[in-house]
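The next block holds one structure in the form of structure tokens; read it before the comments.
Just so you know, all these numbers are worked out from the coordinates, no wet-lab data involved. From a predicted model like this one, the values you see are computed outputs, not experimental measurements. Cβ atoms come from the backbone with ideal geometry, glycine included; neighbour counts cover every protein chain shown.
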Amino acid sequence: MQARMNHPATALPGTMQALIALGRTATRAGLSRTLMELVNLRASQINGWGGCVDMHGEALREAGESDERIFAVGAWRRRRPRP
């Protein structure tokens with residue numbers, strides 16, 4: 001799979017630290033770790049980062065998510081409002 005862009009964490013200094021801080025903020029706000037991993041998995045799929053796809057998929061398995069739910073993330077699309 002061809003990445004559609006350079007990963008910001010490797011392209012811009014300080015970006016990885018900002019992403020980690022964002023994750024901590026979301027967790028403190030009450031978002032579950034599982035939800036965060038599902039979002040991270042989808043972002044990694046969209047950006048074509050195979051290593052991150054593997055890492056987040058494994059984290060979801062360790063958290064008890066089923067393979068069916070993990071695989072379904074690949075079909076996740078933004079829901080458009082009905083007219």
Task: Under DSSP loop assignment and at most 11 Cβ neighbours within 10 Å, longest trypsin sites (Lys or Arg not before Pro)-free interval of the chain - done: 5-76
Task: Value of [θ]222 nm, deg cm²/dmol, for the chain, DSSP H segments ≥ 4, -39500 (n - 2.57) each, nearest 500 - done: -18500 deg cm²/dmol
TODO: Can you figure out the FRET efficiency of ALA21 with GLU68, using R₀ = 30 Å and their beta-carbon distance, to the nearest 0.05?
DONE: 0.40
- [ ] May I ask which residue of VAL39, THR25, GLY57 lies farthest towards the positive end of the charge dipole of segment 8-75, with charges of +1 (Lys, Arg) and -1 (Asp, Glu) on Cβ and the Cα centre as origin?
- [x] THR25
Task: Three principal axis lengths of the chain [C-alpha, angstrom, descending] - done: 36, 36, 33
TODO: For segment 8-75, calculate the relative contact order in percent as a whole number, restricting contacts to Cα pairs under 8 Å that are 6 or more residues apart.
DONE: 24
- [ ] Mind giving me the nanometre distance, one decimal, between the label points for SER32 and GLU58, set 7 Å out from Cα along Cα→Cβ?
- [x] 2.3
